Amino acid sequence: MSLRYLLRRLGGAVLVIFLTSIVVALMVHLVPGDAASAIAGDDPTPEQIAEIRERLGLDRPILTQYFDWAGDAIRGDFRQSIVNNRDVTELITEALPATLSITLAAVVVALVIGISFGAIAGLRRGATDRVASIVTSLGIAMPSFWIGMLLVSVFSLELGWFPAIGYRPLSEGPGAWLEHVTLPAIALGVAMAAEIARQTRGGVIEVMGQPYIRTARAKGVSGGALVTRHVSRNAAIPVVTVLGLQIGRLLGGVIVVEQVFGIAGLGTLAVNAVGNRDFPVIQAYVVMTTVVVVVINLIVDLSYGWINPKVRNE
Amino acid sequence: MKKFRLLLAVLAIFTLIAAACGGDDDDAESTSTEQESSDASGSSDDAGEAASDDSASSDDGGEEASDDGGEEASDDGGEEASDDDGGDEMTDDVDRDGRIIFATSNLSPSLNNIGVTSEFHWTHIDAIYDTIVATDNDGNLIPGVAESWEVSDDLSTMTLTITEGRTFHDGTPIDAAAVKANLDRVLSSETQWAAQIAGIESVAAEGNTVTLTLQGPPGSVLGGLADFAGMLMSPAGFDAEDIDTNPIGSGPFMATNYSEAGIEFTRFDGYHDVANILHKDLEVLNIADDNTRLAGLQSGEIDIALVRAGQVPQVDSAGLATVRRPITQVYGLVANTNNEALADPLVRQAITHAIDRNSIAEGVYLGECEPTVQPYPSSFPGSHPDGTVEDFGAYDPDRARELLAEAGYGDGLTLTTYTLTITTYSDQAEIYQAQLGEVGITLDVVVEEPRQFIASVTTEPRYDLFVAPIPTGRPTAAGFWKNYYQAGGSRNPGDFALPDIDNLLADLENALTAEDTNAAVQALVGASLEEVPRMFALCAPTIIWAHQDDIGGVEIHATGRYNFRDAYRMAG
């Protein structure tokens with residue numbers, strides 16, 4: 001992996017972040033209603049709105065507003081929320097742990113369920129495989145909010161095993177944290193698990209048909225050794241690819257899951273900001289999620305070389 | 001093979017669980033029968049549906065809590081708990097160190113009384129502030145920080161006498177000077193709350209009296225003093241950087257933490273009436289989704305929350321109590337009289353007769369929304385006794401067609417109708433679409449999210465009709481009549497004017513007694529019915545709060561607001 005390649009990718013990432021933020025800025029301004037109308041209240045007069053707009057500088061050209069914001073953002077100042085004057089960095093820092101916890105736990109859920117399910121399906125063809133295909137199709141088809149509601153009904157309201165709402169930070173104890181994160185993580189991770197299971201199954205089936213596997217078997221390698229030494233690494237590339245793609249989906253899905261579980265994470269922050277046309281908060285959220293997606297995709301690209309030396313050489 | 005069977009068994013169990021959870025209604029019904037005997041609330045259904053938005057959730061209205069739960073709650077808490085005499089008896093059973101968790105949608109973006117953007121947020125900040133004038137649960141003005149007030153005969157001045165001995169949360173006294181500072185601050189602000197006391201020309205403070213020189217009707221000023229504009233903050237905190245999250249108020253609770261997740265409060269031990277504040281901590285959780293709030297109630301993680309009509313069976317089956325109250329808000333359609341057809345009383349009358357109020361109220365809102373042609377439920381003292389649906393809005397599609405033909409629209413009429421992205425109102429729009437369609441009026445429905453919708457009906461009016469909840473009594477009735485029925489009103493792009501509206505409004509705004517106020521409101525209702533209103537009321541919904549059975553003192557204000565001053569948790 002050359003330094004030049006890395007620099008090229010980083011340059012591309014910066015361009016993606018810039019373009020995304022400018023597109024979002026334009027979209028926010030194109031939608032009717034602005035932060036001034038949110039601040040003016042339920043029964044505003046046009047004069048009141050105009051006054052607030054002028055005070056906040058919302059009457060300036062869109063691009064002027066954008067570049068003003070971008071100049072501050074580059075210096076690490078994401079400004080204050082227009083609606084409640086709270087520091088945007090503080091708002092994001094406050095909301096991030098909940099979203100991060102749910103998302104990372106969802107990835108763990110997806111990897112554990114997806115890889116084991118997919119590997120079993122790929123290795124045991126026939127009825128097991130067919131059942132796995134049905135289950136993964138269901139997993140992909142079921143929307144996360146529905147799974148969330150189902151989990152709450154069964155595990156919170158009927159069995160009382162988990163809380164139905166809210167989030168507790170790790171600082172309140174790992175037990176409380178885990179209790180509050182488990183159901184949202186499952187709701188969020190199921191679709192990803194199903195996708196990973198599919199890719200794992202496909203990868204395993206393909207690898208199992210390769211001549212080197214036949215050779216390994218002929219040499220007496222079997223069972224766990226065969227899977228860990230010869231199958232897993234070769235079948236991992238499509239799984240890693242889909243993992244990278246699914247992270248973006250998770251960041252979208254977490255918005256819905258947070259609503260279902262009443263969690264005040266980044267998703268809730270974003271929904272409220274969009275409702276109030278709170279430009280600095282929307283922009284900070286978009287930049288942050290874009291950075292996350294871009295970085296993860298970069299890591300995925302780089303990991304190909306580690307997983308498969310042939311890719312590194314190419 | 002064994003593993004395959006095991007997989008099949010797991011799948012079958014999953015399917016069974018899914019099927020069991022899918023039959024929600026049946027389950028709720030069957031369990032509610034068992035629970036009724038042990039449940040404080042006997043309620044079975046409700047209105048008001050949807051609306052996790054500001055206006056919709058801020059329903060309000062009529063008289064007393066109508067079901068068992070409501071009465072029990074108000075008897076136990078509202079009276080005994082807040083009553084000095086009964087308080088001692090109550091104290092033994094109450095957990096004075098208790099914490100009460102209330103869930104709401106759409107958290108106030110600010111705790112600063114004039115930084116609040118919607119009336120709906122009253123409930124979120126009321127605990128922090130006392131007001132200059134207060135209102136009782138029926139909406140009548142009662143002494144607040146001002147123990148009395150007097151209006152000069154020529155209505156040019158109002159003198160407020162400030163109660164001595166009260167302090168702000170920072171220990172500074174609430175005196176006449178502080179009241180003046182607060183009023184000056186509101187008046188000079190660029191907020192909508194300044195308009196509540198725009199009738200004040202100047203404020204003077206001396207000793208324990210505040211003298212207001214008036215340039216507008218005293219009734220409106222008093223209403224404003226009992227609302228956001230009358231909330232008192234310590235002048236030392238006016239310029240504080242954290243004014244939006246940690247204001248220095250004057251009420252029974254202090255905010256200790258504000259985040260997107262919610263607000264935490266703790267009791268202010270220096271409050272003048274601290275003996276009657278029966279819980280120590282209060283938490284307002286920000287949960288936008290109706291089903292999530294219900295799940296929190298069912299699991300016991302939430303103590304009090306607003307519920308919708310369709311959720312009442314589940315509330316009952318969970319053994320939760322309810323308090324309900326008809327509200328001074330109506331569901332309905334509003335016409336823009338800039339549209340030539342809608343400016344014609346014949347067309348408006350046709351629309352009135354084309355809406356089947358009774359069947360919608362019963363079928364869609366399960367009887368929890370009182371059919372009406374007025375802006376108020378019949379229990380509201382200002383409602384007109386003769387303004388019945390039968391007399392002014394009987395469902396009669398044939399008559400509607402005749403009226404349309406008479407107005408020259410026999411071949412049909414197309415109207416653009418805006419509504420909100422909230423099921424209650426988008427569903428209503430579809431029903432109107434079907435019913436008006438039967439008489440030849442085609443509705444082109446445009447559904448918008450709340451921020452867009454507010455722009456579409458106020459600053460950039462694009463509608464012929466809009467479907468939304470209309471608050472009609474907050475903080476006083478005058479606001480509704482000004483906005484909708486006086487030329488230049490903020491919701492009146494066609495400058496529709498009721499005959500003699502200025503005088504009728506002046507009577508209302510100058511009224512200083514409940515009797516005069518109600519008479520003035522009735523006169524306005526009567527005039528609007530005679531003229532054929534531009535707001536086609538459908539029904540006045542009932543607001544329903546569900547709470548855990550160890551929580552008492554839950555009462556709904558006549559305006560639909562709720563304060564936490566009387567709430568308590570039973571010990572043990």
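Figure the gain on full extension for A:ASP87 and A:ILE62 (residue separation times 0.36 nm, minus the Cα-Cα span) and round it to one decimal in nm.
On the way: separation 25, 0.36 × 25 = 9.00 nm, distance 2.20 nm.
Stretched fully, the A:ASP87-A:ILE62 segment lengthens by 6.8 nm.
Count the DSSP beta bridges whose two residues both fall in the protein assembly as shown, then state the antiparallel fraction as a percent rounded to the nearest 5.
Working: 61 of 80 bridges.
Close to 75 percent.
Expected output is a single nm value to one decimal: the length gained when fully extending between B:ASP242 and B:ASN257, i.e. 0.36 nm times separation in residues minus the C-alpha distance. What is it?
On the way: separation 15, 0.36 × 15 = 5.40 nm, distance 1.12 nm.
Working it through step by step, the gained length comes to 4.3 nm.
At A:GLU179 and A:PHE18, where each label point lies 7 Å from the Cα along Cα→Cβ, what is the point-to-point distance in nanometres?
The modelled label-to-label distance comes out at 5.0 nm.
How many angstrom separate the Cα center of region B:212-268 from the Cα center of region A:1-47?
A separation of 35 Å, based on Cα centres.
Just how far, in whole angstrom, is region B:103-151 from region B:533-572 if you go by their alpha carbon centroids?
Their Cα centres are 15 Å away from one another.
Please give, to one decimal in nm, the separation of the simple spin-label points placed at A:LEU26 and B:ASP516, each 7 Å out from Cα toward the Cβ.
Reported label-point gap for A:LEU26 and B:ASP516 is 6.0 nm.
From other protein chains only, count the Cβ atoms within 10 Å of every residue's Cβ in A:135-143, then give the mean.
Details: counts 4, 0, 0, 4, 0, 0, 0, 1, 0.
So the per-residue partner count for this stretch is 1.
Return the long-range amide H neighbours of B:THR135 (sequence gap of 5 or more, or a different chain), with a cut-off of under 5 Å between placed amide H atoms.
B:ILE142
Per residue of region B:456-469, what does 6.51 cos²θ - 1.76 cosθ + 1.60 with θ = phi - 60° give for ³J(HN,Hα)? Whole Hz please, x for Gly and Pro, Karplus curve as stated.
Listing the rounded values in order: 5, 10, 10, 6, 10, x, 10, 8, 8, 9, 9, 10, 6, x Hz.
Report, as an integer, the average count of C-beta atoms from other chains found within 10 Å of each Cβ along B:185-194.
Numbers: counts 0, 0, 0, 0, 0, 7, 5, 8, 1, 1.
Whole-number average of other-chain Cβ neighbours for B:185-194 is 2.
Can you tell me the relative contact order of chain A? Whole percent, Cα pairs under 8 Å, sequence separation 6 or more.
Values: 374 pairs, mean separation 82.4, N = 314.
About 26 percent, as a whole number.
R0 = 41 Å: FRET efficiency of A:GLU47 with B:THR161, Cβ-based, nearest 0.05? If you can, show how the numbers build up before the last one.
Values: r = 36 Å, r/R0 = 0.88.
The value I calculate is 0.70.
Neighbouring Cβ atoms within 10 Å as the yardstick, rank B:LEU285, B:LEU214 fewest first.
Values: B:LEU285 25, B:LEU214 20.
Result, fewest neighbours first: B:LEU214, B:LEU285.
Residues with amide H under 5 Å of B:THR416's amide H, sequence separation 5 or more or different chain, H placed in the peptide plane at 1.01 Å from N; which?
Under 5 Å from the amide H of B:THR416 lie the amide H atoms of B:ASP444, B:ASP464, B:LEU465, each far enough along the sequence or on another chain.
Order B:540-547, A:102-109, A:172-179, B:229-236 from most to least packed using the mean count of other Cβ atoms within 10 Å. Write down the numbers at each step before the final one.
Working: B:540-547: 29.1, A:102-109: 20.9, A:172-179: 13.2, B:229-236: 24.1.
Sorting B:540-547, A:102-109, A:172-179, B:229-236 by mean packing, highest first, produces B:540-547, B:229-236, A:102-109, A:172-179.
B:VAL364's amide H: which non-local residues (gap 5+, or another chain) put their own amide H closer than 5 Å, with H modeled 1.01 Å from N in plane and none for Pro or chain starts?
none
Exposure proxy check: A:PHE67, A:PHE155, B:PHE120 ranked by fewest other beta carbons within 10 Å? Can you show the working numbers first?
Details: A:PHE67 13, A:PHE155 17, B:PHE120 24.
Ascending Cβ contact count within 10 Å gives the list A:PHE67, A:PHE155, B:PHE120.
Report ³J(HN,Hα) in whole Hz for each residue of region B:340-355, in order, from the Karplus equation J = 6.51 cos²θ - 1.76 cosθ + 1.60 where θ = phi - 60°; Gly and Pro get x.
Couplings: 4, 5, 6, 6, 8, x, 5, 5, 4, 5, 4, 4, 4, 7, 8, 9 Hz.
Computed FRET efficiency, Cβ-Cβ of A:LEU10 and B:ASN338, R0 51 Å: what is it to the nearest 0.05? Please list the in-between numbers first.
On the way: r = 56 Å, r/R0 = 1.10.
The computed FRET efficiency comes out at 0.35.
Explain nothing, just the number: relative contact order of region B:359-489, from Cα pairs under 8 Å at least 6 residues apart, as a whole percent.
On the way: 137 pairs, mean separation 25.4, N = 131.
So the answer I get is 19 percent.
Work out which helices of chain A, taken as complete DSSP H runs, extend at least 27 Å along their axis over the Cα atoms and score a mean Kyte-Doolittle of 0.0 or more, then list them.
Details: long enough: A:3-30 (40 Å, 1.73); A:88-123 (50 Å, 1.88); A:174-208 (43 Å, 0.71); A:232-260 (39 Å, 1.17); A:279-307 (41 Å, 1.78).
Length and hydropathy pass: A:3-30, A:88-123, A:174-208, A:232-260, A:279-307.
Taking the Cβ of each residue in A:TRP146, B:TRP122 as the centre, tally the other Cβ atoms inside 10 Å and list the residues starting with the fewest.
By the 10 Å Cβ count, ascending, the order reads A:TRP146, B:TRP122.
May I ask you to order B:486-493, B:302-309 by the average number of other C-beta atoms within 10 Å around their residues, highest value first?
B:302-309, B:486-493
Mind listing the phi-derived Karplus ³J(HN,Hα) values for region B:282-291, rounded to whole Hz, using 6.51, -1.76 and 1.60 with θ = phi - 60°, and x for any glycine or proline?
Computed from phi, the couplings for region B:282-291 are 9, 10, 10, 8, 9, 10, 6, 7, 4, 5 Hz.
Please compute the average number of Cβ atoms from other chains found within 10 Å of each residue's Cβ in peptide A:53-62. Display every interim value, and only then the final one.
On the way: counts 0, 0, 1, 0, 0, 0, 0, 0, 0, 0.
Partner Cβ neighbours, averaged per residue: 0.
Just so you know, all these numbers are worked out from the coordinates, no wet-lab data involved. If you're wondering where the values come from, they're calculated on a predicted model, not measured in any experiment. A quick note on method: Cβ atoms are made from the backbone with ideal geometry, for glycine too, and the neighbour counts reach across all protein chains shown.
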